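> Once you've had a glance at the structure underneath, I'll fire off some questions.
The values are calculated or read from the model by the stated rules, or taken from the named source; none is laboratory data. Keep in mind it's a predicted model, so treat the numbers as computed, not measured. With ideal geometry, Cβ positions are generated from the backbone for all residues, glycine too; neighbour counts draw on all protein chains shown. The accessibility values were calculated without ligands, DNA or RNA, using every heavy atom of the protein model including side chains. Shrake-Rupley method; radii C 1.70, N 1.55, O 1.52, S 1.80 Å.
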Amino acid sequence: MVDSFFARMRLLGFTAFFFKRTRCCRSWPGFRPRIELLESRCVPATLIVDTAFDEVDPSDGRLSLREAVFAAGAGDVIHFAPVLASNIQLNSGLGIFTPLTIDGEPLPNSSPTVTVDFSFSASLAPGFVLTGGGATIRGLDIRNVTGAAIEIDSDDNSVRNCRVSQTSVNSQGVGHAVLVLASNNTIENNTIEN
């Protein structure tokens with residue numbers, strides 16, 4: 001059957017169409033293969049703080065809160081290890097320059113609240129300083145800050161479910177738990193105690 005089809009085609013003059021030999025690597029005229037760059041495929045990381053010490057030593061195998069903030073990129077989330085002692089001592093204020101989340105809300109099998117203590121911090125220094133925009137601080141117990149516990153110097157930040165206590169007040173009896181110096185920030189469900 002197939003032989004008769006090709007025999008008829010040869011008689012009709014389609015020999016060149018079916019039996020023409022072409023060069024093996026010939027492609028469409030003007031086609032040149034090229035490499036195109038794709039958009040970035042960065043996935044936010046989850047960093048787990050596993051030491052209560054305020055240290056920056058990448059070779060010690062532990063991750064402090066300060067190291068986690070320095071290492072975090074845009075969109076990253078910082079959690080606290082379930083076995084971590086609930087009291088983290090920070091020796092100075094902590095600047096947050098990227099849109100990240102510090103989540104102190106309890107993970108399964110963890111202590112109920114993560115306390116960040118600034119009692120060793122310099123006089124009148126703020127605790128957390130949000131300067132990059134888009135950061136979130138959630139579920140922390142912030143204590144012993146001589147300046148503002150959280151100072152917000154940029155837009156689109158969020159402070160939720162935090163407790164600020166034992167902060168210093170000035171001679172007029174005024175202290176700043178959350179000092180907001182920018183717009184479009186969300187501060188909700190926080191407890192402020194003396």
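> Looking only at region 55-104, count every residue that is of a type in the set (Phe, Trp, Tyr), closer than 19 Å to residue 151 by Cα and in a strand (DSSP E or B) and tell me the total.
Of the residues in that region, 0 qualify.
> So residue 131 fits all but one of (1) at pLDDT 90 or above; (2) open to solvent by less than 30 Å² (accessible area, probe 1.4 Å); what number is the exception?
Only one criterion is unmet by residue 131, namely (2).
> Looking at 51, 115, which is the one that is within 27 Å of residue 185 (Cβ to Cβ), modelled with pLDDT of 75 or more and buried (at least 18 other Cβ atoms within 10 Å of the Cβ)?
Testing whether each residue is within 27 Å of residue 185 (Cβ to Cβ), modelled with pLDDT of 75 or more and buried (at least 18 other Cβ atoms within 10 Å of the Cβ) leaves just 115.
> Another question about this same structure. When the residues of region 126-159 are filtered to those that are acidic (Asp, Glu) and in contact with a Leu (Cβ under 6 Å, 6 or more places away or on another chain), which remaining residue is farthest from residue 176 (Cα to Cα)?
Result: 153.
> Related question: Do we have residue 31 as at pLDDT 65 or above and either open to solvent by 40 Å² or more (accessible area, probe 1.4 Å) or not aliphatic (A, V, I, L, M) (or both) here?
Answer is yes for this residue.
> Restricting the search to region 64-85, which residues are open to solvent by 50 Å² or more (accessible area, probe 1.4 Å) and over 13 Å from residue 48 (Cβ atoms)?
Matches in region 64-85: 70, 74, 85.
> Of the numbered conditions (1) in a strand (DSSP E or B); (2) open to solvent by 20 Å² or more (accessible area, probe 1.4 Å); (3) aliphatic (A, V, I, L, M); (4) out of contact with any Asp or Glu (no Cβ under 6 Å at 6 or more places or on another chain), residue 164 satisfies every one except a single condition; which is it?
(2)
This table checks each residue for (1) over 22 Å from the mean Cα position of the chain (by Cα); (2) at pLDDT below 70; (3) among the basic types (Lys, Arg).
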{"position": "23", "(1), (2), (3)": "yes, yes, yes"}
{"position": "45", "(1), (2), (3)": "no, no, no"}
{"position": "63", "(1), (2), (3)": "no, no, no"}
{"position": "83", "(1), (2), (3)": "yes, yes, no"}
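> Moving to a separate point now. Sort through 145, 129 and tell me the only one that's touching a Ser or Thr at 6+ places or on another chain (Cβ under 9 Å) and either in a strand (DSSP E or B) or not acidic (Asp, Glu) (or both).
One residue alone meets the criteria, 145.
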